[in-house]
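S.K.: I'd like to ask some things about the structure below.
The values are calculated or read from the model by the stated rules, or taken from the named source; none is laboratory data. Values in this document were obtained by computation on a predicted structure and should not be read as measured data. Virtual Cβ from ideal backbone geometry, glycine too; neighbours counted across all protein chains shown.
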Amino acid sequence: MSKQKTPPAYGGQAVVEGVMFGGRKNYVTAIRRNDGSIDFFKLPRVPNAKLSALKKIPFLRGIVAIIEASANGTKHLNFSSERYGLDPQDDAKLDQEDKKGSGLSMFFSLAVIGVLSFLFSKFVFTLVPVFLAELVRPVFSSDAAQIGIESLFKLILLLGYIYFLSMTPLIKRVFQYHGAEHKVINCYEQNLPITIENVQKQSRLHYRCGSSFILFTIIVGMFIYLLVPTDPLWVRILDRIALIPVVLGISFEVLQLTNRVRNIPVLKVLGYPGLWLQLLTTKEPADDQVEVAIESFNELLRLEDISEQSEKPSHNVI
């Protein structure tokens, strides 16, 4: 008997007026243009032997995956933000400008910007709560109390940031596309035909979501920080910076674990905190938004199938 092939785990992210999905060999973004049409941006996943090796190492693989997602996500986000409000007739002019800026160097720059943006935001959300906790040290002086207060400030900062972002019309629509992305993945993972009707019946929450990962960094960080001193302040700051890769690596493993046990009644509650955060970072999508997500996913499946077929050895008689 042949072994049954494990279906690939697809992931994605919402972009401006669209959705990006990634597979083993390709990335595809579909966006809704201002004339109602759907446009695509496709990139092959460039194989890298060193990165592939690192992705097999627990705790390191999470950091590699985050950096890769930040780099690739920025390219697709840039495509969507440039095109969604542009008249399709002006695409040629935009393409010409892109050629002048050299496609390869532009993509490399975007990748660097994506990684730096992620690192900067991580530093801000890590260090600002440290200073806020220090302000109340006269009241909460013990290490455990300081770490608890620091984690609380971090959570408040995160929830406040997401809440105020979600009040802007543009981000609200991005969060709707985020919900559409999750619904499509949930529909696929239940082996249902991917139609608008079937997709809309699915949950807009998913255990593997990056929003859950962000929350897990707060929870995991709280426990790790108990192992290092909180005083003096400069030592605390250095510890927080040095421990960023550790927190990210362990949080990624926790995220993967909660996804693996999501169908076990007693253990599925481990992923609930992340799902609760997704109630803020996702919104219920409209049918036309789900349509865009479906088009993106179907195009990815088509490209993945082509890539897989091209890898199979030929048995033609010459």
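Residues are listed down the side, and each one gets a yes or a no for (1) within 23 Å of Pro273 (Cα to Cα); (2) out of contact with any Pro (no Cβ under 9 Å at 6 or more places or on another chain); (3) in a helix (DSSP H, G or I):
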site	(1), (2), (3)
Gln146	yes, yes, yes
Leu152	yes, no, yes
Leu157	yes, no, yes
Gly179	yes, no, yes
His182	yes, yes, yes
Asn198	no, yes, yes
Ser211	yes, yes, yes
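S.K.: Right, next: Which count do you get for residues in the range 245-303 that are assigned to a helix (DSSP H, G or I) and either more than 16 Å from Ala180 (Cα to Cα) or among the hydrophobic types (A, V, I, L, M, F, W, C) (or both)?
M.R.: First pass over the range 245-303, keeping only residues assigned to a helix (DSSP H, G or I): 245-260, 268-281, 287-303.
Subset that is either more than 16 Å from Ala180 (Cα to Cα) or among the hydrophobic types (A, V, I, L, M, F, W, C) (or both): 245-260, 268-277, 279-280, 290, 292-294, 297, 300-303.
Qualifying residue count, the range 245-303: 37.
S.K.: What number of residues within the range 24-56 are within 20 Å of the chain's Cα centre (by Cα), closer than 30 Å to Pro169 by Cα and not charged (D, E, K, R)?
M.R.: 8
S.K.: Of the residues Asn186, Asn191, which single one is within 30 Å of Pro285 (Cα to Cα), assigned to a loop (DSSP other than H, G, I, E, B) and at pLDDT 90 or above?
M.R.: Working: Asn186 fails: assigned to a loop (DSSP other than H, G, I, E, B).
When all the criteria are applied, what remains is Asn191.
S.K.: Being modelled with pLDDT under 95, part of a loop (DSSP other than H, G, I, E, B) and closer than 16 Å to Leu279 by Cβ narrows it down to one of Tyr161, Tyr207, so name that one.
M.R.: Answer to the selection: Tyr207.
S.K.: Quick check on my filter: what residues within the range 36-77 are part of a helix (DSSP H, G or I) and among the β-branched types (Val, Ile, Thr)?
M.R.: Selection gives Ile63, Val64, Ile66, Ile67, Thr74.
S.K.: While we're here: When you scan the range 41-52, do you find a residue that is in contact with a helix residue (DSSP H, G or I) (Cβ under 8 Å, 6 or more places away or on another chain), under 29 Å from Ser211 (Cβ atoms) and at pLDDT below 80, even just one?
M.R.: Checking the range 41-52: at least one residue is in contact with a helix residue (DSSP H, G or I) (Cβ under 8 Å, 6 or more places away or on another chain), under 29 Å from Ser211 (Cβ atoms) and at pLDDT below 80.
S.K.: I'd like to know if the range 227-236 contains one or more residues that are over 20 Å from the mean Cα position of the chain (by Cα), buried (at least 17 other Cβ atoms within 10 Å of the Cβ), of a type in the set (Val, Ile, Thr) and farther than 24 Å from Ala65 by Cα.
M.R.: Among the residues of the range 227-236, at least one is over 20 Å from the mean Cα position of the chain (by Cα), buried (at least 17 other Cβ atoms within 10 Å of the Cβ), of a type in the set (Val, Ile, Thr) and farther than 24 Å from Ala65 by Cα, which makes the answer yes.
S.K.: Could you tell me whether Leu127 is in contact with a strand residue (DSSP E or B) (Cβ under 9 Å, 6 or more places away or on another chain), among the hydrophobic types (A, V, I, L, M, F, W, C), at pLDDT 70 or above and assigned to a helix (DSSP H, G or I)?
M.R.: no
S.K.: Now for a separate question. Is there a residue in the range 267-280 that is farther than 27 Å from Val64 by Cα and of a type in the set (Gly, Ala, Ser)?
M.R.: No, the range 267-280 contains no residue that is farther than 27 Å from Val64 by Cα and of a type in the set (Gly, Ala, Ser).
S.K.: Hey, can you tell me all the residues within the range 188-223 that are over 19 Å from the mean Cα position of the chain (by Cα), of a type in the set (A, V, I, L, M, F, W, C) and under 15 Å from Lys154 (Cα atoms)?
M.R.: Hits for the range 188-223 are Met222, Phe223.
S.K.: Also: Could you list all residues from the range 186-218 that are more than 18 Å from Pro8 (Cα to Cα) and either among the charged types (D, E, K, R) or touching a Cys at 6+ places or on another chain (Cβ under 7 Å) (or both)?
M.R.: Listed by number, the residues that qualify are Glu197, Asn198, Val199, Lys201, Gln202, Arg204.
S.K.: Next question, about the same structure. Is at least one residue of the range 178-191 over 30 Å from Leu301 (Cα atoms) and surrounded by 13 or more Cβ atoms within 10 Å (Cβ to Cβ)? Show your work before the answer.
M.R.: As a first pass, look at the range 178-191 and keep what is over 30 Å from Leu301 (Cα atoms): none.
No, the conditions are met nowhere in the range 178-191.
S.K.: Which one of these is polar (S, T, N, Q), without any contact (Cβ under 8 Å) to a residue 12 or more places away in the chain and out of contact with any helix residue (DSSP H, G or I) (no Cβ under 9 Å at 6 or more places or on another chain): Asn191, Asn198? Walk me through it before giving the result.
M.R.: Values: Asn198 fails: out of contact with any helix residue (DSSP H, G or I) (no Cβ under 9 Å at 6 or more places or on another chain).
When all the criteria are applied, what remains is Asn191.
S.K.: With the requirement that a residue be more than 13 Å from Val254 (Cα to Cα) and small (Gly, Ala, Ser), what does the range 180-210 give you?
M.R.: Ala180, Ser203
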